[in-house]
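Take a look at the structure set out below.
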Amino acid sequence: MIYLRYAYVALVLFLTTIILSPLQIVALWRGWKIARKLPRYWHVVACFVLGIRIHVHGEIERQRPLLLSANHTTWLDIVVLGRVAEVSFIAKSEVKTWPIFGLFARLQNSVFIERADKRGTGRQVGSIADRLAGGEIIILFPEGTTSDGNRIYPIKYSLFGAASSAVPLSPTGKVHVQPVAVAYTGIRGLPMGRFLRPIVAWPGDVEMLPSLAGVIKARALDVDVCFGEPVVFDAETRRKEAAAEVEARMRTLLAERLRGR
């Protein structure tokens with residue numbers, strides 16, 4: 001039966017991709033605003049066929065510009081967050097070359113950054129700032145890697161430079177950075193617990209296909225997405241201190257949700 005489930009998931013996602021991809025390519029080429037919406041439809045279908053049940057706590061900040069700072073456990077974070085809101089992601093440049101997911105990242109209109117390119121850092125940050133100022137919601141994974149889902153690794157404060165750079169471009173002179181915690185809390189209707197969380201966790205030494213197979217095999221996963229109180233960046237903000245506050249709020253959100261609060 002598990003092979004039938006693999007085939008079902010693969011067929012549905014293939015057909016959804018075939019239908020939506022040409023529309024998204026044209027929308028991106030023409031600069032249509034629907035390009036922000038179409039990826040969300042794909043994520044809705046993906047969550048449905050994978051059996052992902054999302055529980056949202058709090059609300060996404062309504063004011064713009066808005067940068068979401070989220071913890072990163074697995075590739076599934078992108079599907080979950082893409083289902084919750086019309087967003088784009090900041091991704092490392094290597095993602096562009098990944099099979100399947102590289103294509104999806106480009107269709108999602110992700111912002112690719114080259115971490116080794118120190119000279120191009122200003123240009124990359126400026127590109128993110130322009131998109132934030134244009135009203136897009138951008139998601140940053142400031143850990144820079146995936147965790148085991150039970151904790152948040154130390155975040156890279158330099159990645160918040162995009163928020164600071166967008167301040168002069170904002171009509172209000174402010175940029176809102178909202179902490180987000182994505183917690184994997186249940187499997188087949190039962191509490192997941194720290195020892196079962198490796199089912200969804202995607203550390204760097206695990207191949208993509210075995211990770212995807214594990215999620216499909218799980219059949220039903222509960223995910224809690226928690227939106228915290230935003231931190232405002234303005235002309236007077238000290239980036240490192242503000243980023244540290246975002247990090248503290250992310251840790252609190254995740255810890256409380258994993259404890260069932």
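Observations on the model:
Residue-wise test of (1) in contact (Cβ under 8 Å) with a residue 24 or more places away in the chain; (2) within 30 Å of residue 191 (Cα to Cα); (3) touching a helix residue (DSSP H, G or I) at 6+ places or on another chain (Cβ under 7 Å); (4) surrounded by fewer than 14 Cβ atoms within 10 Å (Cβ to Cβ).
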{"site": "4", "(1), (2), (3), (4)": "no, yes, no, yes"}
{"site": "10", "(1), (2), (3), (4)": "no, yes, no, yes"}
{"site": "13", "(1), (2), (3), (4)": "yes, yes, yes, no"}
{"site": "33", "(1), (2), (3), (4)": "no, no, no, yes"}
{"site": "43", "(1), (2), (3), (4)": "yes, yes, yes, no"}
{"site": "50", "(1), (2), (3), (4)": "yes, yes, yes, no"}
{"site": "61", "(1), (2), (3), (4)": "yes, yes, no, no"}
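- Filter result for residue 256 (modelled with pLDDT of 90 or more and open to solvent by 70 Å² or more (accessible area, probe 1.4 Å)): yes
- Residue check, residue 243 open to solvent by less than 40 Å² (accessible area, probe 1.4 Å), under 27 Å from residue 138 (Cα atoms), touching a helix residue (DSSP H, G or I) at 6+ places or on another chain (Cβ under 7 Å) and part of a strand (DSSP E or B): no
- Test: residue in the stretch 195-205 that is over 21 Å from residue 145 (Cα atoms), surrounded by 14 or more Cβ atoms within 10 Å (Cβ to Cβ) and small (Gly, Ala, Ser): no
- The number of residues in the stretch 215-238 being of a type outside the set (A, V, I, L, M, F, W, C) and surrounded by 15 or more Cβ atoms within 10 Å (Cβ to Cβ) comes to 5.
- Residue check for residue 53: among the basic types (Lys, Arg) and part of a strand (DSSP E or B): yes
- Residue list for the stretch 178-201, restricted to those being in contact with a helix residue (DSSP H, G or I) (Cβ under 6 Å, 6 or more places away or on another chain) and without any contact (Cβ under 8 Å) to a residue 40 or more places away in the chain: 187, 199
- Qualifying residue in the stretch 72-84 (condition: hydroxyl-bearing (Ser, Thr, Tyr) and at pLDDT below 80): no
- Residue 161 vs. criteria of a type outside the set (A, V, I, L, M) and either in contact with a Leu (Cβ under 8 Å, 6 or more places away or on another chain) or open to solvent by less than 10 Å² (accessible area, probe 1.4 Å) (or both): yes
- Considering residues of the stretch 58-90 that are of a type outside the set (D, E, K, R) and more than 16 Å from the chain's Cα centre (by Cα) only, the residue nearest to residue 137 (Cα to Cα): 65
The values are calculated or read from the model by the stated rules, or taken from the named source; none is laboratory data. Since we're looking at a predicted model, the values are computed, not measured. Counting neighbours? That spans all protein chains shown, and the Cβs are built from the backbone with ideal geometry, glycine included. What goes into the accessible areas is simple: the full protein's heavy atoms, side chains included, and nothing from ligands, DNA or RNA. Shrake-Rupley method; radii C 1.70, N 1.55, O 1.52, S 1.80 Å.
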